[in-house]
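Comments concern the structure below.
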Amino acid sequence: MLGNQIRTYGANEMILREGDAGDWAYLIESGRVLVFVTKDGEEVPLKILGKGEIFGEMSMIDNSVRSATCRTLTEVRLVTVTQDQLLDRIKSADPIVRLLMRALLDRLREQNNGIRGKTLTSAPPPNPEKFDTERREALERIGLENELSQALDNDEFIPHYQPIYDLRTQEIRGCEALLRWVGKDGKIVPTGNFIDALEQSPLILNVGQRMIEMCVDDLVRMQSEIAGNHAFFVSVNVSGRQFADPNFLSHLESVRYRAGVPADRIKLEVTERIMTEGPLAISSLQACRALGYKIAIDDFGTGFSSLQYLASMPLHDLKLDRSFISQMMASEKAHSIVKTLIHLANQLNLNLIAEGIETREQLFLLRNLGVQMGQGFLFSKALPYDGFISLMTGAAAAEKKAA
Ligand code: C2E
Ligand code: CA
Ligand code: CA
């Protein structure tokens, strides 16, 4: 059955019984529910649950039978929760959280069996392959986190810079700093291999701070080496977790102040997911805006189903996700979406930056549609500092020659 249902029960009604198959979990909207196990025909109470609490979730998670019985104590209103709703979230959780959950679940079951004095035999055998995969993933994740922590200590994280162009004049207007992990062997570890693990671990706070320090220092050097390009900016990716860190803003301000860089040269790229990060992250974003930092929404159009935030959030740029750009030549629908997003950005007075421009056809089309700025492999991939400076000075020399 699809979707959530509301169910109401009178006092003293049985909702689920130990040993039964689990088909729903329940969220209590109102009323109270008693959870108990039966030992030698006697009820042994475990817990009384109230508004906002969930029950019946254990057998949903690992597909086993109910390990306790639940009966209403008062009139009760319940919202049903489907297995898909739980499992989708668990699947997308950090593997270490999944392992922890598995351990807690096993322990709870053992506890219930201990009180009951016997194991519920009708439980289907657990899926050993799945357990192994979960344990392996958690171990891998812990291993990767150790490596990331060592990489931080060894200064193996550095920014590379991808130029961002004015699509009309083809001038470089700024750059996006992209995190690179240069391993001990000098090889770059692909960012996609570790960025999720990094963002899910507290290490992102330290790595993020180091990135900001390096990018701001590099920006000062860039400005002195590339004379004449006054409004040059560096765009830094900041995860929601960094924004929610109470030290984020004071650190950013102290780095910027020490370097003597105006706030409007620094752009903070956040994804739409920040809207789900909680009030602290949002107020910190607003504070950054008030201090003059530029704010860009990254991967625009891919993350968040509500556009409400566009009206309430203090933004400057929308970065049109690469997926739209790569599809827009072949797909009429992607083309329409791009046009609609351009219209939306214009109406809201936001600057649009197209990401992942790879072909001249894409460039021409975007320019004709009125997109102001863009970046992509057609122009350049992200380069280490020196390479980026060579590109900038080479471009400036070519412009002079042409003039
Ligand atoms: P993003 O912010 O969307 O960055 C753009 C990604 O697209 C980069 O991948 C870039 O190398 C790649 N790219 C640029 N132009 C093209 C193109 O024309 N074609 C194709 N196919 N790809 C292009 P990268 O560097 O691997 O970064 C992946 C993601 O990791 C970034 O996506 C961003 O979400 C995250 N990330 C990178 N640096 C940082 C950082 O310092 N902090 C945080 N929190 N996340 C970061
Ligand atoms: Ca970005
Ligand atoms: Ca992006």
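Every read-out reported here was derived from the displayed coordinates using simple, explicitly stated rules and does not represent laboratory data. Bear in mind that the values here come from a model prediction, so they are computed numbers and not experimental data. Positions of Cβ are generated from backbone atoms using ideal geometry, with glycine treated the same way; all protein chains shown enter the neighbour counts.
Can you work out ³J(HN,Hα) from phi for every residue in the stretch 312-328, in order, using Karplus 6.51 cos²θ - 1.76 cosθ + 1.60 and θ = phi - 60°, giving whole Hz and x for Gly and Pro?
9, 8, x, 10, 10, 10, 10, 9, 6, 4, 4, 4, 5, 5, 6, 9, 5
Using the Cα centre of the stretch 20-116 as the reference point, and only Cβ charges (+1 on K/R, -1 on D/E), how large is the resulting charge dipole? Debye, rounded to the nearest 20.
So the dipole magnitude of the stretch 20-116 works out to roughly 200 debye.
In terms of Cα to Cα distance under 19 Å, which aspartates and glutamates are near enough to residue 39, apart from those fewer than 8 places away along the same chain?
Of all the aspartates and glutamates, those that pass the test against residue 39 - Cα under 19 Å, at least 8 places apart if same chain - are 18, 20, 110.
Per residue of the stretch 380-395, what does 6.51 cos²θ - 1.76 cosθ + 1.60 with θ = phi - 60° give for ³J(HN,Hα)? Whole Hz please, x for Gly and Pro, Karplus curve as stated.
5, 7, 6, 10, x, 3, 4, x, 5, 5, 4, 4, 5, 6, x, 5
For the stretch 289-295, just list the computed ³J(HN,Hα) in residue order, Karplus coefficients 6.51, -1.76 and 1.60, θ = phi - 60°, integers in Hz, with x standing in for Gly and Pro.
Karplus-based 3J(HN,Hα) across the stretch 289-295 equals 4, 5, 7, x, 5, 8, 10 Hz.
What percent of all Cα-Cα pairs in the stretch 251-403 falls into each 5 Å bin, going from 0 up to the bin containing the maximum distance?
2, 8, 15, 18, 18, 16, 13, 8, 3, 1, 0
Please state, rounded to one decimal and in Å, the Kirkwood hydrodynamic radius that the chain gives when every pair of distinct Cα atoms enters the mean of 1/r.
24.9 Å
Report the antiparallel proportion of the DSSP beta bridges in the stretch 100-246 as a percent, rounded to a multiple of 5.
Once the DSSP bridges in the stretch 100-246 are tallied, antiparallel ones form about 75 percent.
Computed on alpha carbon atoms, what radius of gyration and Dmax characterise the stretch 174-315, expressed in Å?
Here Rg and the maximum Cα pair distance are 15.4, 48 Å.
Quick one: Cα centre-to-centre distance for the stretch 333-353 and the stretch 359-403, in angstrom?
21 Å
Give the cross-link partners of residue 187 among the aspartates and glutamates, using a straight C-alpha distance below 16 Å as the criterion and excluding same-chain residues fewer than 8 apart.
147, 155, 156
Please list, ordered by chain and number, the residues whose modelled amide H lies under 5 Å from the amide H of residue 295; skip anything fewer than 5 residues away on the same chain.
Here the answer is 268, 316, 317, since their amide H atoms fall under 5 Å of that of residue 295.
List the residues whose amide H sits under 5 Å from the amide H of residue 20, counting only those 5 or more places along or on another chain, with H placed 1.01 Å from N in the peptide plane.
66
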